[in-house]
Amino acid sequence: MKPFTVAVIGGNAAGAAAAAKAKRVNPSARVVLFEKTGYISVGVCEFPFVLSGEIKEPASLLFYTPSKFSEEKKVDVFIESEVLSIDAKERILNFKSSGDDAELSLSYDKLIIATGSRQSEFPGLDTDLENVLWLKKYPDLIRTKGYLEVNKPYHTIIIGSGYLGLEIAEAMVNRGAEVTVLEKLSEILPSAEPEFSAILTGLLQANKVEVITNLEKITFNTDSGRVKSVKADSRLIETDAVFPVVGFRPDTRFLAGMDFKRGTFGEIFTDVFMRTNVPHIFAAGDSAGVKNFLTGKNQIFYSAKVAHTTGHIAGNNAAGKNEQFLGAIPVTSFRLFGKYFSQTGLTEKSAREHGFVTKSAFGSMTNLVHVMPESINTAAKLIINRLNNQIIGASFLGGKEVSGLSDLITLMIRNRMTYSGLLETDFNYTPALSPFRNILISLIHKINKG
Ligand SMILES: Cc1cc2nc3c(=O)[nH]c(=O)nc-3n(C[C@H](O)[C@H](O)[C@H](O)COP(=O)(O)OP(=O)(O)OC[C@H]3O[C@@H](n4cnc5c(N)ncnc54)[C@H](O)[C@@H]3O)c2cc1C
């Protein structure tokens, strides 16, 4: 008898988690994982640290080889195999493996789409130019690293100032390059609170990164297959390398013409069980729209953690369980020139756009008691829902303490706690580790006064 078959498309954070979980939950099932590159289970978030030279060996980011995954997880792994189409009525998927001219097909009982995302292209910039560098998939990392090692670019342009653009800026400075960041909007890191965009701009400039914002038009002069210079409004900037880092888009183009309910960017909408509207098909990770815990709306998170969690749930449910996903809380964290940024929940702007009536406070203080020589400043902003005093967001920029502060707020958001819960908290104190008064307490006093 043909075994119950779970097919998973995409072998990274969401897909690998889904496949491993489905097999664990239903050991008698056949679980088949399709991945169009030659790599699965890749540490993508670590790519910028390979560019900076902190991680020496890119292959250390291949957390599982396909054969090790197959052996340990008992999953059939098809690498260099792209799924081209799905016949949802017949429950068949069609795929093509490299080196094989024929299109093959596989019958499935349950299917999980975890095809993730691709980097957005920048209008007018030819993607194939030799010095246009990408950083999304493992082959991009190898090509980009190789290009940098051979050509040692003196000047680099980064288009886009999201967290990835900023991480690449730091990596390129560490490699000795001069860096210019171009941003069309008026502030860098547009998804952050404006107070932090201003501080981060100062931090970039202090590390000799040129930041140009408010750009209307960016065009490219090319010669012999390379970008020679970039025109940013009236400024002409000669350059040796260009990183277009203007966001991601769900990789769901192969579903065109199918009856999936999809969002503005092509993300596949899912319900609390990670089911799509098409029977027997689940979706997870960057290719899926999943519930935002705070707004209740379906959105894409472009987050490794959300991909892993939703992959697990999709795998569990495809294998026969009924686990519910309660929604994700958006969290963004990164390091920039020795400082750390972490943002959780909603920014004040996005909260208002979603109909919240907000109250907020911004401030800064030292991360240790101020007399300790190694203390540095932590800046923080706390946002509450004015109608019920529940915390709905916070941002931090400072030392490594921002990770704990941000996680504490995420926990409070998840438990729908009001800010008075913080006043009742016994924060630790010892001079070498913590300030006498926690910054969150000072923000609450500000909110109370305001
Ligand atoms: C440089 C970088 C740094 C990042 N840093 C962080 C971070 O610090 N923290 C964080 O939370 N997130 C970070 N992210 C985002 C995080 O990497 C993604 O959210 C996560 O990888 C999404 O996982 P996924 O499995 O949904 O999709 P992906 O990682 O995009 O994987 C999808 C896989 O599906 C395959 N595929 C696509 N179409 C097909 C098809 N038709 N057939 C077969 N296979 C297919 C692709 O080749 C790919 O391997 C970063 C992203 C990048 C690029």
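The values are calculated or read from the model by the stated rules, or taken from the named source; none is laboratory data. On a predicted model such as this, the values are computed, not experimentally measured, just so you know. Counting neighbours? That spans all protein chains shown, and the Cβs are built from the backbone with ideal geometry, glycine included.
Points to keep in mind about this one:
- Among the candidates 450, 393, 363, 421, the residue that is at pLDDT below 95 and in contact with a helix residue (DSSP H, G or I) (Cβ under 7 Å, 6 or more places away or on another chain) is uniquely 421.
- Residue within the range 121-132 that is without any contact (Cβ under 8 Å) to a residue 40 or more places away in the chain, closer than 27 Å to residue 143 by Cα and either among the small types (Gly, Ala, Ser) or part of a strand (DSSP E or B) (or both) present: no
- Checked against the criterion of being within 14 Å of the ligand (Cβ to nearest atom) and within 23 Å of residue 2 (Cα to Cα), the candidates 110, 136, 74, 96 yield just one match: 96.
- Within the range 260-315, the set of residues being within 14 Å of the ligand (Cβ to nearest atom) and polar (S, T, N, Q) comprises 270, 287, 299, 303, 309, 310.
- Scanning the range 249-271 for residues that are over 19 Å from residue 91 (Cα atoms) and either in contact with a strand residue (DSSP E or B) (Cβ under 7 Å, 6 or more places away or on another chain) or polar (S, T, N, Q) (or both) returns 249, 250, 251, 262, 263, 264, 265, 266, 267, 269.
- Test for residue 230: is it buried (at least 22 other Cβ atoms within 10 Å of the Cβ) and part of a strand (DSSP E or B): no
- Of the residues making up the range 318-334, just one is more than 22 Å from residue 15 (Cα to Cα) and surrounded by fewer than 18 Cβ atoms within 10 Å (Cβ to Cβ), namely 333.
- Residue, farthest from residue 246 (Cα to Cα), within the range 185-200, restricted to residues that are in a loop (DSSP other than H, G, I, E, B) and of a type outside the set (Ser, Thr, Tyr): 193
- For residue 401, the stated conditions do not hold, so it cannot be described as among the charged types (D, E, K, R) and more than 22 Å from residue 194 (Cα to Cα).
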